[in-house]
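Shown next, in structure tokens, is the structure this report addresses.
Values in this text are rule-based calculations from the coordinates and carry no lab data. All figures in this text were calculated on a predicted structure; none of them were measured in a lab. Note that each Cβ is placed from the backbone with ideal geometry, even for glycine, and that neighbours are counted across all protein chains shown.
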Amino acid sequence: MKQIRLIMGLLIVFFTNAQGQDMSLYEKQWFMQYGDTLPYRILLPENYDAAKTYPLIIFLHGRGESGNDNEKQLTHGAKLFLRDSIRKKYPAIVVFPQCSATNYWSNVQAVAKGTKNSKRDFYFVADGEPTDQLRLVMGLVDNVMKRYPVQKKQLYVMGLSMGGMGTFELVRRMPRTFAAAVAICGGAHPSTAKQIAKTNWWIFHGGKDDVVLPEYSVNMVEALKKTKASVKFTLYPDANHNSWDPAFAEPELLHWLFQQKKK
């Protein structure tokens with residue numbers, strides 16, 4: 001039954017994408033702080049009313065969408081929040097920042113053997129300063145909360161690949177801020193689990209991922225469970241690195257997300 005629901009979800013994603021969606025609904029904005037600039041796109045709810053409060057979703061893209069064109073970061077995930085049914089059922093403010101091609105969301109080290117473009121091993125740093133780009137994201141979160149009517153009990157962060165790593169770190173850097181987090185094919189240092197245990201987690205990974213190994217998510221899930229954190233884990237046995245496709249097709253994903261509220 002679960003497999004049938006997942007297939008139906010994938011068909012819905014395909015049909016919706018085929019119809020095309022207006023990405024210009026994500027307004028282009030630029031956040032400036034620390035002498036640097038962070039491009040981002042922001043989607044406001046349909047029939048936006050400044051007298052109401054709305055959940056806020058921060059979405060961190062993967063390495064392939066880095067740059068400064070303020071467009072590529074919408075490649076994965078943005079269409080999900082443009083669906084008419086989603087916008088009507090889950091009105092929210094959705095923000096997609098874009099990481100510079102010369103920087104990274106998380107404080108992680110990578111080692112490639114053979115050639116620079118060979119498969120990489122990742123070594124997650126448990127302490128140290130945030131990267132310049134993550135520090136800008138932290139400033140952007142505070143800025144959006146000041147400029148828009150955000151429901152403070154419903155702050156969420158989602159990310160894939162590099163953004164999945166950034167999701168773990170953003171929650172750690174902003175403790176008690178996010179009610180829930182969705183990390184797709186990411187990872188973090190297991191010793192940081194205690195610092196992010198107050199947030200509700202749904203973690204996804206592909207069992208055949210040869211870009212970011214599934215063990216990085218498995219290790220975090222095990223560490224979070226030891227802290228008694230609320231964590232769901234979905235491993236797609238036949239998925240490679242693009243496990244975000246089946247993750248976005250999960251029928252319960254957004255229902256679960258918007259049910260989470262900070263205590």
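Descriptive notes on the structure:
- Rounded to 5, the percent of DSSP beta bridges in the stretch 46-159 classed as antiparallel: 35 percent
- Per-q log10 I(q)/I(0), the chain, q = 0.08 Å⁻¹ (Debye; single scatterer per alpha-carbon; no solvent): -0.29
- The DSSP beta bridges internal to the chain are antiparallel in roughly 40% of cases.
- Over 30 Å apart at the Cα level, from the set 79/194; 88/152; 152/194, are 79/194.
- Mean ellipticity per residue at 222 nm, deg cm²/dmol - from DSSP H runs of n ≥ 4 across the chain, formula -39500 (n - 2.57): -8500 deg cm²/dmol
- Rounded if a/c under 1.5, otherwise prolate or oblate - the stretch 64-145, Cα gyration tensor axes: prolate
- Label separation (residue 84 vs residue 238): 3.3 nm, computed from points 7 Å beyond Cα along the C-beta direction.
- At full extension, residue 127 and residue 227 could sit 34.1 nm farther apart than now, given 0.36 nm per residue minus the alpha carbon distance.
- When each of 146/198; 153/228; 119/232 is checked by Cα-Cα distance, pairs over 26 Å: 119/232
- Computed Kirkwood radius, in angstrom, where 1/r is averaged over Cα pairs of the stretch 196-261: 12.5 Å
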